[in-house]
1. Shape verdict for segment 87-136, please, from the Cα gyration tensor: rounded (a/c under 1.5), prolate (a/b greater than b/c) or oblate.
2. Sort 10, 15 by accessible area with a 1.4 Å probe, largest first.
3. Of 57, 45, 24, which is farthest along the charge dipole of the chain in the positive direction, counting Lys and Arg as +1 and Asp and Glu as -1 at C-beta?
4. What is the sum of charges, Lys and Arg at +1 and Asp and Glu at -1, for the other residues whose Cβ falls under 15 Å from the Cβ of residue 36?
5. Please report, as a whole percent, how much of the solvent-accessible surface of segment 13-114 comes from carbon and sulfur atoms (probe radius 1.4 Å).
6. If you stretched the chain out fully between residue 1 and residue 32, how much longer would it get, using 0.36 nm times the residue separation minus the C-alpha to C-alpha distance?
7. Solvent-accessible area per residue for the chain at a 1.4 Å probe radius, Å²?
8. Counting only other residues whose beta carbon sits under 13 Å from that of residue 70, what net charge do I get with K and R as +1, D and E as -1?
Amino acid sequence: MLLIKYVGLFITDEFKSILHTKSPILHENIINNPHVTIDYKPKQISYYKLIGETHEIEITGVGNNADNQGFKVNLPPEIIKIYNGSRLPHITVSLNNNAEAVNTWKLNFKEIDSFKVLGRLGLSTDKGILYKLTSL
């Protein structure tokens, strides 16, 4: 049986390098699949029709400390409706060896000139990232 770890809005490949340009990597553990966690360990996915769709994400802030590095984001209305993540939507880009990505929301984010990236709604599973429920 497939284990769904979380539902995420995964930054598309063409936008990953933009994140690193806006905030050069500071920590040794680089997040290979930067994303906004939408629903951690979902019990039920009632929004299955959205899986695989691409959505705009507005990046509004940047932050880091000794453990975490990431961006503060604004989500589009259709994703806000299903958001069940941390108190502050964010994207983690790098971590210290002992850090956890879930703590990125606690950073003191500095406002920046906002910019937009694209993310694709997918499932992080024990078999990798899937963009279709039929893959289950």
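1. On the way: a/c = 2.93, a/b = 1.52, b/c = 1.92.
It is oblate, given that a/c is not under 1.5 and a/b is not larger than b/c.
2. 15, 10
3. The listed residue farthest towards the positive side: 45.
4. Working: positive: 5, 16, 72, 81, 87, 116, 120; negative: 39, 53, 56, 58, 78.
Residues near residue 36 contribute +2 overall.
5. On the way: 2750 of 6100 Å².
Its accessible area is 45 percent carbon and sulfur atoms.
6. On the way: separation 31, 0.36 × 31 = 11.16 nm, distance 2.50 nm.
Result for the pair: 8.7 nm of gain on full extension.
7. Details: 7850 Å² over 136 residues.
With the other protein chains kept in place, the chain gives 58 Å² per residue.
8. Numbers: positive: 22, 72, 106, 110; negative: 67, 100.
The answer is +2.
The values are calculated or read from the model by the stated rules, or taken from the named source; none is laboratory data. Model, not experiment: these values are computed from the prediction. Backbone-built Cβ (ideal geometry, glycine too); neighbour counts: all protein chains shown. For accessibility, only protein heavy atoms count, side chains too; no ligands or nucleic acids. Shrake-Rupley method; radii C 1.70, N 1.55, O 1.52, S 1.80 Å.
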